[in-house]
Structure formats: structure tokens, C-alpha cells
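Novice: The structure under discussion is supplied below as C-alpha cells; questions concerning it will follow.
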Amino acid sequence: MDNWIPNTNAKPFIPKRLRNSAKSSSSGITEFSKRKCISKIFQGGIVVVLIVTIVINITFILETSRKMNDPQKMDEVNSGFKRKEGKGNEVEMTKSKFLSLEVQSSKTSVVVKVDETVIIQDEEFEKNRGIHITVLNQATGSVMSKNIFDTYSQHEDEALLSYLKKISNGRIIVFTIKDEASFHLKSEARQYLKEMGSEKIENLAFRDTWAFIVKKGGRKIAETHGKSPALDSWGEKVTIQATIDLVNIKDSECHWGETKISQRRQTFCNKVEGYGDICSCTNPDPVVFPQKKLIPNNISKVPIVIIASDRPHYLFRMLKNLLQIPGADPKMITVFIDGYFDEPLQVTKLFEFRVKNARVSQYYKASLTATFNLYPESNYFSQTIHLLEEDNTIYCISAWNDQGYNHSCKDETLLYRIETMPGLGWLLKRKLYKNELEPQWPTPEKQWDWDMWMRTNMIRKDRECIIPDISRTYHFGSKGLNMNPYFQEVYFKKHSFLTKPNVKLKEVDRMKKDAYEELIVELIKSSVILDHTLDPCKENFLPHNQLEPHLMYISMNISTDYVTWKQLAKCYHLWDLDVRGFHKSMWRLFINGTPVIMVGVPASPYRVIPLLSHADDVTLVIDTKHKTE
């Protein structure tokens with residue numbers, strides 16, 4: 001500090017309070033007054049807004065209270081109807097507004113708007129081709145059903161026709177096309193649409209656009225059609241608008257009485273559509289069925305788990321059929337719905353089943369966990385239940401045969417033992433699930449399909465499943481996450497399905513591990529060896545309708561060498577997407593009505609059964625370039 005020298009050029013320091021006081025007193029007073037005035041005005045505005053809001057709320061509360069105490073006014077509020085005085089003391093309720101619709105059809109999108117609310121807006125690229133249908137309630141305008149029929153593909157017009165016939169008269173139906181819908185829209189479906197009121201459907205051609213609004217059993221409301229100028233182009237985007245009178249709610253309902261069953265039916269039929277005679281006003285189908293006795297009933301304590309998603313019509317069909325099976329007990333049935341879809345929930349409530357929600361594949365885990373917790377004592381199919389208890393090498397007992405097509409199965413009494421686990425209709429022991437499967441079930445972040453996970457030998461541990469020759473379940477859904485009409489047509493539609501009741505199974509106890517090995521040896525020893533010099537894919541290779549099993553050997557170097565099998569599966573029109581239904585590299589099935597045993601050589605231990613030691617010399621080897629039909 002001794003060396004500090006003041007800066008003679010620096011401005012002198014003046015405290016702030018002295019600087020402010022240096023200003024004129026009149027200027028300071030004016031600035032302060034302006035700020036204070038603005039603040040007071042702002043505060044006053046806030047107070048006014050608060051007072052107005054309080055007054056409005058109090059007025060609303062008083063008005064609502066007054067209407068709630070007046071039934072006549074409350075009816076108007078709740079229903080959206082206005083009162084119209086009729087003759088005498090009769091009061092008629094009429095709707096106070098109309099329903100406005102806007103429908104659009106084009107190559108890349110479809111749009112349906114109801115009262116300016118978008119109900120459908122599908123613009124996904126190369127998805128949901130075909131006819132989009134929306135069904136509306138003629139009294140409320142609410143959406144009752146939405147569906148898509150890809151009538152470019154085979155048999156979708158049949159599904160469309162069936163669906164339309166099941167819609168109740170009076171409903172408002174909206175049709176619109178995305179991309180293409182004419183290729184497989186055959187004459188029967190076109191004729192039905194013409195009878196409904198369409199004037200354009202007969203002329204609907206390849207890649208045309210089309211929109212149509214009609215009241216079922218009534219009149220056409222609106223229709224438009226965009227013609228495609230050439231095969232490589234699409235019709236122009238078309239739009240129609242319409243205004244529709246809504247009817248009295250009571251005029252839209254059937255009068256089934258006041259019973260609980262009738263009330264359930266009424267609730268269901270007011271919300272959803274497309275279920276046919278279940279909503280018939282004159283002769284409705286039953287929703288309650290008398291329980292048929294199963295003798296002997298060894299499965300009275302077996303819980304039944306229904307796992308469903310957003311395919312309510314499939315669920316309806318399955319539940320209705322299930323209730324009519326001998327031994328079915330609604331109290332032992334639980335429906336698990338993948339997600340929170342309303343229509344499957346309504347279907348389940350109609351039949352009064354227990355219902356829960358979950359997600360796949362956590363959905364399967366939750367379903368099984370909840371079921372085994374709800375029903376701690378459980379058994380199995382009446383004739384096979386004891387196998388699970390008496391043979392710990394059995395993984396499951398299934399009602400489904402992956403290779404059980406109309407041409408590849410025959411014997412309704414026959415069972416097989418296989419290393420793969422069928423996924424359509426199966427049961428397992430509670431102990432297996434609680435002790436092994438539940439603790440290891442794939443967590444949500446793991447991209448495992450539950451069925452593929454259960455089929456891995458890491459989980460299966462060399463245990464096997466028991467299956468029937470003819471399936472007791474059937475896959476009838478052509479739409480879903482991993483399903484489309486073509487896939488259903490090729491791989492599932494021709495599956496055999498046994499509907500005959502009270503079939504007595506044969507040789508059930510021979511499905512146990514050691515007994516089954518003895519059975520296979522007996523069958524092979526008694527088999528007729530096929531002529532391996534012939535082409536296995538030709539008609540003359542296998543004789544028709546023989547009683548004796550016929551034996552063929554196929555090339556299979558190791559247990560996972562499926563090249564030859566896959567080629568045979570293609571030419572015999574079997575399941576060929578992956579390999580299923582085998583036992584120790586051996587398959588059993590029927591071809592041309594004749595029982596056939598296919599033994600993989602040298603992978604299968606059955607290649608060296610006595611009296612057939614020459615098996616290696618007659619091994620059938622199909623060239624990998626062989627073209628199958």
C-alpha cells in the first residue's frame with residue numbers, strides 16, 4: 001500500500017443514495033407513482049377474475065343441483081334428448097341432434113369421422129389392405145364394431161359375408177376401401193351388398209376406391225366410387241358426407257324381459273355387434289347352458305385358462321363351444337385378456353366368466369401364476385391325468401398335433417409321445433410350473449416368445465409331451481399378430497379336428513417312458529419296409545389305407561439334421577416351418593390312410609432294431625436339389 005498512487009483520471013466514487021438524491025425530487029416521485037399504480041391495477045384485475053370465477057362456479061353448482069332434483073330435466077341432461085309432448089299424458093323422447101359422417105377411401109388411407117371425431121384413420125404403409133367396416137348404433141352413434149377384410153386374398157369375402165349377416169337390422173354400417181379389395185370379392189358377397197343397397201358394388205374393379213353408408217335392412221344413405229384408369233394405377237381419392245337421424249333408444253332395443261340373463265344380453269347387444277342370433281329379438285341364442293356330466297369325471301378340479309387378445313369373435317365362438325362340452329364348469333374357467341380391450345371383456349361378461357388382464361409373454365406367466373394360486377389343487381384330462389403323476393419324464397399333455405392334417409392323421413383313439421411342445425391347448429402340473437417355470441420365466445426386457453422358450457431343452461430337460469393323432473383343438477383365427485389369411489389357409493385350415501364326444505383312448509399306459517419304447521420296437525418289427533428306390537414324393541410310393549405300419553428310413557446324420565425331413569414335409573404338405581412332432585429322430589403319422597414310421601439314419605436308435613440291421617443299406621436320401629410339389 002505504501003507504493004499505491006491514485007489514478008488521477010478515475011471518476012470519483014459517489015454512493016448510490018447520494019446519486020439518487022442528486023436527481024430532481026419531482027422526477028423520482030413521478031416514477032414511483034407510475035409503478036405503484038400499475039401494481040394496484042394488476043392486483044385489482046386478479047381479484048375481479050377470482051370473483052367472477054367463484055360466481056360462475058356457484059351458479060353452475062346451483063343449476064346442477066336443481067336439475068338433479070328434477071327427474072324430467074335430468075333425463076334431458078343424461079340422454080341428450082329433448083321432450084316432446086304427445087297425446088294425453090304420454091311423453092315421447094326425441095333426439096336433439098343428428099349424426100354427421102365423413103368417409104374417405106384411397107390407395108394409401110381410409111378415414112371415418114363421426115360428428116367430426118376421427119374413428120378410423122389408417123395410413124400405415126402396405127398394411128390393412130381391403131374393406132374397412134365400422135358399425136354404429138342407430139340410437140347413440142357409438143361405435144359397436146370395427147373390422148377389416150382383405151378381399152384381395154382368398155376366402156376373405158366369405159368371412160365378410162358371414163360377418164355382415166350377423167349384424168342386427170337397423171345398425172348403421174360404413175364401408176370404405178384401402179388399396180385394393182375387388183380381386184377375390186366374389187359374386188355372392190357382391191350380391192349381398194347389392195341387396196343391402198349398393199349401386200356401385202357390381203362395377204367395383206381392380207384398385208377402385210369405394211365408400212358406402214347404409215342402414216342394415218333399410219335404405220342406402222350415401223355411396224361413391226372412384227374408377228381406376230389402368231391396372232397399374234388406383235382410383236382417385238373419394239369422400240362422402242352424410243347426416244343421419246338417430247332413433248329413439250327404446251326403438252333400437254329388443255324386449256327380452258327383466259331377468260338377469262336378459263339384462264346381461266341387453267348390455268352386450270347395446271355395445272357390440274356381429275354376433276348374430278345372440279342378439280336376435282325374436283329367437284335369441286342361449287348364453288347359459290345346462291352342465292353335461294362327464295363320466296368318469298377325473299378333471300372336476302382342473303382349472304381352465306383361456307388366453308385371449310383383441311379378437312372377440314374368436315373368443316365368443318370358443319367360449320360358447322366350451323360351455324357345451326361335458327364336464328365344463330364355468331366356476332373353474334378364467335379368461336385372461338392381453339391388454340384392456342373392451343369388446344373381449346364384454347364377451348366374457350356375457351357368459352359370466354372370471355376375467356383378468358395381463359400382457360404376453362408376461363401375460364402367460366401371469367395367467368398361469370394366478371390360476372395355480374386360485375386353484376391350488378389341480379388334475380388333468382380324465383383319461384390321461386394319471387400319466388403326469390406316474391411318469392416324471394412327461395412334460396405336458398396336449399390336445400394339439402402339429403402334423404395332424406386331414407390327410408396325415410386317422411385314428412381318434414391313438415396317442416403319441418414327442419419331444420416338442422405343442423402350443424395350442426395344453427396343460428401341465430402345478431408343481432412343474434411353480435418350482436421350475438415361474439422362477440425362470442423370461443422377464444419383459446428379454447425378447448423371448450413364451451412357447452419357444454418352453455420348447456428349449458434347457459427348460460424341457462429331455463421330458464416329452466403326449467399328443468393325440470387327431471387334434472382336440474382347432475386354430476380358426478385368420479387375423480392376429482403372427483397370423484394372416486394366407487398363413488391360416490396353408491398351415492391351419494386343413495387341420496383335422498375331432499368333435500366326436502366320449503372317445504375311448506387306447507394304450508394310454510403305454511405312453512409311459514419304458515412302455516412306449518417297447519411299443520415302438522413292436523411297431524417297427526411288424527412294419528412293412530417301403531421300396532426306397534422309388535421317389536418318396538410320388539403317389540405310388542405309399543399304398544393307400546393299409547392296416548400294417550409302413551417303415552421308411554430317411555437321411556439324418558445327427559439329431560438336428562432336418563434337411564431330408566423338411567423336404568418330405570413339403571411334398572407331404574405337413575408343417576414345414578420348423579421341425580415338430582418327433583421322438584428320438586423318428587416320426588409317426590398317417591399318409592394316404594396308411595400308418596407310417598419315419599426313422600432318421602444314423603441319428604435314431606431305432607435304426608438298429610433286430611431283424612432290420614440292413615437299415616443303413618436302404619436309407620432313403622433325397623437330394624437337396626430335389627424339387628417337391
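Novice: Anything in the stretch 566-589 that is open to solvent by 30 Å² or more (accessible area, probe 1.4 Å) and assigned to a strand (DSSP E or B)? List them, or say none.
Specialist: Answer for the stretch 566-589, where residues must be open to solvent by 30 Å² or more (accessible area, probe 1.4 Å) and assigned to a strand (DSSP E or B): just 588.
Novice: Is at least one residue of the stretch 350-359 in contact (Cβ under 8 Å) with a residue 24 or more places away in the chain, open to solvent by 30 Å² or more (accessible area, probe 1.4 Å) and under 24 Å from residue 159 (Cα atoms)?
Specialist: Scanning the stretch 350-359, I find no residue that is in contact (Cβ under 8 Å) with a residue 24 or more places away in the chain, open to solvent by 30 Å² or more (accessible area, probe 1.4 Å) and under 24 Å from residue 159 (Cα atoms), so the answer is no.
Novice: Quick one: what pairs do we get from the stretch 211-231, first residue on the phi > 0 side of the Ramachandran plot, second open to solvent by 10 Å² or more (accessible area, probe 1.4 Å), C-beta under 7 Å, 6+ apart or different chains?
Specialist: 217/169; 217/170
Novice: Is it true that residue 178 is crowded, with 20+ Cβ neighbours inside 10 Å, out of contact with any Pro (no Cβ under 8 Å at 6 or more places or on another chain), in the same structural domain as residue 206 (by the TED database) and of a type in the set (Lys, Arg)?
Specialist: yes
Novice: Moving on to the next point. Looking at this structure, is residue 143 touching a residue at least 60 places away in the same chain (Cβ under 8 Å) and within 25 Å of residue 117 (Cβ to Cβ)?
Specialist: When the stated conditions are applied, residue 143 does not pass them.
Novice: Give the residue that is farthest from the chain's Cα centre (by Cα), with candidates limited to residues of the stretch 102-122 that are under 21 Å from residue 182 (Cβ atoms) and open to solvent by 80 Å² or more (accessible area, probe 1.4 Å).
Specialist: 107
Novice: Between 584, 627, 566, 570, which is modelled with pLDDT of 95 or more and either farther than 30 Å from residue 463 by Cβ or under 41 Å from the mean Cα position of the chain (by Cα) (or both)?
Specialist: The unique qualifying residue is 584.
Novice: A further question follows. Of all residues in the stretch 146-184 being without any contact (Cβ under 8 Å) to a residue 40 or more places away in the chain and in contact with a Leu (Cβ under 7 Å, 6 or more places away or on another chain), which is nearest to residue 274 (Cα to Cα)?
Specialist: For the stretch 146-184, the residue satisfying everything is 149.
Novice: For residue 533, indicate whether it is without any contact (Cβ under 8 Å) to a residue 12 or more places away in the chain, surrounded by fewer than 18 Cβ atoms within 10 Å (Cβ to Cβ) and over 29 Å from residue 394 (Cβ atoms).
Specialist: For residue 533, the condition - without any contact (Cβ under 8 Å) to a residue 12 or more places away in the chain, surrounded by fewer than 18 Cβ atoms within 10 Å (Cβ to Cβ) and over 29 Å from residue 394 (Cβ atoms) - is met.
Novice: In addition: For residue 592, indicate whether it is on the phi > 0 side of the Ramachandran plot and either open to solvent by less than 30 Å² (accessible area, probe 1.4 Å) or out of contact with any Lys or Arg (no Cβ under 8 Å at 6 or more places or on another chain) (or both).
Specialist: Judged against the criteria, residue 592 is a match.
Novice: Count, please, the residues in the stretch 291-304 that happen to be within 29 Å of the chain's Cα centre (by Cα) and either buried (at least 17 other Cβ atoms within 10 Å of the Cβ) or at pLDDT 90 or above (or both).
Specialist: Counting residues in the stretch 291-304 that are within 29 Å of the chain's Cα centre (by Cα) and either buried (at least 17 other Cβ atoms within 10 Å of the Cβ) or at pLDDT 90 or above (or both) gives 4.
Novice: Taking the stretch 123-159 on its own, how many of its residues are crowded, with 18+ Cβ neighbours inside 10 Å, assigned to a loop (DSSP other than H, G, I, E, B) and of a type in the set (Asp, Glu)?
Specialist: The qualifying residues number 1.
Novice: Any residue in the stretch 268-291 that is in contact (Cβ under 8 Å) with a residue 40 or more places away in the chain sitting within a Cβ distance under 7 Å of a residue that is open to solvent by less than 40 Å² (accessible area, probe 1.4 Å) and of a type in the set (Gly, Ala, Ser)? List the pairs, counting only those 6 or more apart or interchain.
Specialist: 272/145; 273/145; 273/168; 274/145; 279/168
Novice: To continue, here is another question. Considering every residue within the stretch 273-283, establish whether at least one is of a type in the set (Val, Ile, Thr) and outside any loop (DSSP other than H, G, I, E, B).
Specialist: Yes, that holds for at least one residue.
The values are calculated or read from the model by the stated rules, or taken from the named source; none is laboratory data. None of the values given here were measured: they were computed from a predicted structure. FYI the Cβ positions are ideal-geometry reconstructions off the backbone, even for glycines, and counts take in every protein chain you see. Quick note on the areas: whole protein, heavy atoms, side chains included, nothing else; ligands and nucleic acids left out. Shrake-Rupley method; radii C 1.70, N 1.55, O 1.52, S 1.80 Å.
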